[in-house]
Amino acid sequence: MAAKDDALRRIQELLGPGAITADPDFRAGVSHSVACPKESLVAVMEIFNECGFYLESLTGLDFQDTLELVYHMNAYEPRARTAVRVLCPHDGEVPSVTGVFASALWQEREAWEFFGVRFSGHPDLRRLLLPEDADFYPLRKDFGTVHAYRKREEVYG
Amino acid sequence: MAEHFPQPVQQQLYSLNLGPQHPSTHGVLRVLLTLDGEYILEADPIIGYGHRGHEKMGENRTYLQFMPNASRMDYLSGLIYNHGFCLAVEKLAGIEPPERAKYIRVVCAELNRISSHLLWFGTFLMDLGAFTPFLYCFDDRENILDILDRVSGSRLTYSYCRFGGVARDVDDVFIEQTRAFIKRLRSRWPDYHNLVTKNVIFIHRVRDVGIIDKDLARRFGVTGPNLRAAGVAFDMRKVEPYEVYDRFDFEVPTGSKGDALDRYRVRLEEMEQSCRIIEQALDQMPGGPYRQERVRLKVKPPRGEVYFAFESARGQTAYYLVSDGSPYPYRVHVRVPSFGNLHCLTEVLKETLVADAIAILGSIDIVVPEIDR
């Protein structure tokens, strides 16, 4: 349990007490959620790296009012999974975490081509799964047939 | 005089496309290699040839309609993907399947894990130039496909699980066949070991080749047998037990160095552990209903999200589902193990020989359509 507690204590010192939400029952499959402002993302990831976490999954969510990036961090111990959530406007930029986790090199390429989030400082932002000449962002809700396009509070409110 | 003689050859770098049709690439994968002689300086896997947009498809169909998609990502362990998706939706919607269904699912998922590992065994050795083991393991694998075909109706892309149970009950014939298969597989281990594990040519090809140590695995998010071969006993079935895995006595095999030989040993040992799980599950299997009757076909989970992680044959897999309260998921994301496992090759293949690259690629056990999604 050491890695998770250590990481959360240091993140709380960095971001303040309101940033972390606990889910003790593990109902959504994560033990804690961290609401992280873009500016602190790299610092938070460095804390996770020093505590022995790995970047398990990086994906986006498209809402009418904002894009949201969700980084799922995990350590090699039970119920350590922590979600780091970053809000970003549709034409916005998020700092790249490739300097901390090598696995972000591909995961950020994927998030960029599917959601159109630019990662500033990424060394090699090429398309990964889509054709080289793709000029669309397929997982945005204004692309193709989707059932609903909602505001963020309609889902998480 | 000098112009009559060819200039001394400069050191030249050479680009080679490994794939996309090379038979050892398991799906359609292209690796762009930069070579200096026979040594690899840089390897850049180029993927996406099999991208079908499963995550987008998830946004305009109901939860149940996504079930066949789940088994088409990793087509070699489709039932495990199905099982995981089913558990994720059940967790989101608060559905509790009956006990018998849980045991049936575990037996089928573990059978699928063995069939996936057997296929890896055959193709890996075929990559190394050994054709005979392929015939042995496909012979054994065929038994599993027959057993699963009988209960689920398909040989590869099973859509057997349902929210709140399974599609069809299993009968005594299934249980007999499964027990007979395990007995047969155990009698085959000596053949496997005599033919391959003790083979000196094989050992020389894989020992100390393609080392993935703990640190490299963590930086690239490598999971599954590849991580366990590096000595980290991290298996979702043990760490975050789902379904009824906490009721069984089984071990998580680990290696020490993380080379191709360790990965080979870990996978062989895992098949034996799966056999143990299946035996215990068959012994403990209760009677009763195999499916909860009251679950609607159009499941409507409450607003919220779930991140459900499970262990597929290739490593830690997870479904991230976001629900807006309608019968259609707002977002379906799949965390696939082969993604990280393949990505780490950019580092592992550096400064190895091309011939070793084939051995490493085979030992990592990737399924490309799972990465492309």
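The values are calculated or read from the model by the stated rules, or taken from the named source; none is laboratory data. Everything numeric here is computed off the predicted structure, so don't read it as measured data. Quick reminder, even Gly has a Cβ in these numbers, built from the backbone with ideal geometry, and neighbours come from all protein chains shown.
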Quiz item: Can you pull out the residues in segment B:169-178 that are of a type outside the set (A, V, I, L, M), surrounded by fewer than 22 Cβ atoms within 10 Å (Cβ to Cβ) and out of contact with any strand residue (DSSP E or B) (no Cβ under 9 Å at 6 or more places or on another chain)?
Solution: B:D171, B:D172, B:F174, B:E176, B:Q177
Quiz item: Which one of these is under 30 Å from B:L216 (Cβ atoms), of a type in the set (F, W, Y) and within 14 Å of chain B (Cβ to nearest Cβ): A:F63, A:F53?
Solution: A:F53
Exercise. Considering (1) in contact with a Pro (Cβ under 7 Å, 6 or more places away or on another chain); (2) on the phi > 0 side of the Ramachandran plot, say which one B:G129 fails and leave the rest.
Key: (1)
Exercise. Mind counting the residues in segment B:226-240 that are more than 11 Å from B:S338 (Cα to Cα), more than 9 Å from chain A (Cβ to nearest Cβ) and either among the β-branched types (V, I, T) or surrounded by 24 or more Cβ atoms within 10 Å (Cβ to Cβ) (or both)?
Key: 4
Quiz item: Do you know which residues across segment B:74-109 are surrounded by fewer than 22 Cβ atoms within 10 Å (Cβ to Cβ), outside any helix (DSSP H, G or I) and not hydroxyl-bearing (S, T, Y)?
Solution: B:G94, B:I95, B:E96, B:P98
Exercise. State which residue is farthest from the other protein chains (Cβ to nearest Cβ) when the search covers only segment A:18-50 and only residues that are among the small types (G, A, S) and more than 15 Å from the chain's Cα centre (by Cα).
Key: A:G18
Practice problem: Count, please, the residues in segment B:29-62 that happen to be outside any strand (DSSP E or B), within 12 Å of chain A (Cβ to nearest Cβ) and not charged (D, E, K, R). | Solution: 11
Practice problem: Considering every residue within segment A:116-125, establish whether at least one is surrounded by fewer than 18 Cβ atoms within 10 Å (Cβ to Cβ), within 11 Å of chain B (Cβ to nearest Cβ) and more than 18 Å from the chain's Cα centre (by Cα). | Solution: yes
Quiz item: Conditions: (1) within 12 Å of chain A (Cβ to nearest Cβ); (2) over 20 Å from B:E59 (Cα atoms); (3) within 19 Å of the chain's Cα centre (by Cα); (4) free of Cβ contacts under 8 Å to residues at least 60 places away in the same chain. B:D246 meets all but one. Number of the miss?
Solution: (3)
Quiz item: Would segment B:119-130 turn up any residue that is in contact with a Lys or Arg (Cβ under 7 Å, 6 or more places away or on another chain), outside any helix (DSSP H, G or I) and buried (at least 24 other Cβ atoms within 10 Å of the Cβ)?
Solution: no
Exercise. Take the residues in segment B:148-187 that are assigned to a helix (DSSP H, G or I), over 22 Å from the mean Cα position of the chain (by Cα) and not hydrophobic (A, V, I, L, M, F, W, C), then tell me which one is farthest from B:V106 (Cα to Cα).
Key: B:S187
Exercise. Under 8 Å between Cβ atoms, at least 6 apart or on separate chains: pull out the pairs that start in segment B:183-203 with a residue that is of a type outside the set (D, E, K, R) and end on any residue that is outside any helix (DSSP H, G or I).
Key: B:V196/B:A130; B:N199/B:A130; B:F202/B:L128; B:F202/B:A130
Quiz item: Could we say that A:R150 is in contact with a strand residue (DSSP E or B) (Cβ under 8 Å, 6 or more places away or on another chain), more than 10 Å from chain B (Cβ to nearest Cβ) and at pLDDT 85 or above here?
Solution: no
